[in-house]
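Inspection log for the structure reproduced underneath, given as C-alpha cells.
The values are calculated or read from the model by the stated rules, or taken from the named source; none is laboratory data. Note that this is a predicted model, so its numbers are computed, not measured. Cβ: placed from backbone, ideal geometry, glycine included. Neighbour counts: every protein chain shown.
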Amino acid sequence: MKKHFASIPFLASLGILNSGIASAEQYRSEPWQMGFQKAGSPTAERIFEFHDMLLYIETAIVLFVLAIMAYIIFRFNAKANPTPSKTSHNSTLEVIWTAVPILILIIIAIPSLKLLYFIDHTDEPEMTLKVTGNQWYWSYTYPDQGGFEFDSIMLDDDELEEGQPRLLSVDEPVVLPVDTNIRILLVSNDVIHNFAVPSLGLKLDTTPGRTNETWVKINEPGDYYGMCSELCGINHGAMPVHVIALSKEDYAAWIVGAKEEYASNSDPDDLYDSATIKIASTISQ
C-alpha cells in the first residue's frame, strides 16, 4: 500500500479547513432520516426527481386499483347483486386495460433513458480521477496531476476525531473541486466492488479486468460520504468513501502540496495512464 499523510491536518495547515472537519456541511444519512440525502450534484438531483415522479405514478396506480376493488366489493357482492351478469367479453375494456399500462411504461421509459444517458459519461471532462477497489480499501489516482496516488483506509473507533462519523471516516479522503466536470474511471485489483456516494448520485461497480466510467459535478463544498455497495468479502463493511469537495482555489492549493507528498506513490508503469484514459474517453464517445 502507498504511504499516507494526514489529509485533514494538511488541509487545515493550508487554511482550507479553518475549524476542522466539523466546519463543513456533511452529506450523509442521519439517525431516523426519512427520504434521500440532500442532493449534491446534478446527477443526484435528476435521480431524486425521477424517483419522485415514479412515486406519484405508483401512488396513483395503487389508489386507483384500491378504489376499483372497493367498488367491486360493495357493488357486486351477493347481497347487492344477486343475479350476476354473464358477459364474458368487453372489447373496449380489454383495449383500455392493455393500452393504459403501455402508455404508463412509455411515460416512465422516456425520462429513464434520458437519465441513464445523462449519468453515463461527460463529453467535456475537466479532470479525471481513477478509483481502484481493493480488499478492503480504496486507492485514488490523479492522472492529470502527474499520476500521484494514495490509499484510503477506514479509521478505527479509537482513531476518530470529533465530528467524524463512525464507519464512514477514512485516513485519506479523496479531494475534489466543486463546479467541475470530473470523469471517474473505476477498476478493481481483486473482486467486484461498488463505488457509491448517494448524495452525489454515484454508484458503479469496479470490475476486475475492465474499466467502468462515470462522472460527477459537485455543487458545493462539503463532506460527502458513501461506501462499497457490493458484497466483496469479509471486510466489505470496512470500505467507506469520504469525498472532501473544495472550491477551485482551495483545490489548487491542495494539489500543490499533494504532488509533493504523494510524488513517490506515482507508478510509471500504471496500466491506466494518460494514454489509456484518452482511449477510454474516445471509446465512450
Asn181 fails exactly one of the following numbered conditions: (1) under 16 Å from Lys38 (Cβ atoms); (2) surrounded by fewer than 21 Cβ atoms within 10 Å (Cβ to Cβ). What is the number of that condition?
-> (1)
Restricting attention to segment 97-118, does a residue exist that is buried (at least 18 other Cβ atoms within 10 Å of the Cβ) and out of contact with any Cys (no Cβ under 6 Å at 6 or more places or on another chain)?
-> no
Count of residues meeting criterion [over 14 Å from the mean Cα position of the chain (by Cα), in a helix (DSSP H, G or I) and touching a residue at least 24 places away in the same chain (Cβ under 8 Å)] in segment 23-82 | 5
Options Ile218, Ile184: the member that is modelled with pLDDT of 95 or more, in contact with a Leu (Cβ under 7 Å, 6 or more places away or on another chain) and assigned to a loop (DSSP other than H, G, I, E, B) | Ile218
Boolean, Glu25 is at pLDDT 85 or above and among the acidic types (Asp, Glu) | no
In segment 87-144, how many are charged (D, E, K, R), out of contact with any strand residue (DSSP E or B) (no Cβ under 8 Å at 6 or more places or on another chain) and in a helix (DSSP H, G or I)?
-> 2
Checking Gly233 against (1) in a strand (DSSP E or B); (2) surrounded by fewer than 17 Cβ atoms within 10 Å (Cβ to Cβ), which single condition isn't satisfied?
-> (1)
Considering segment 154-178, residues that are without any contact (Cβ under 8 Å) to a residue 24 or more places away in the chain and part of a loop (DSSP other than H, G, I, E, B), and then whichever is nearest to the chain's Cα centre (by Cα), we arrive at Arg166
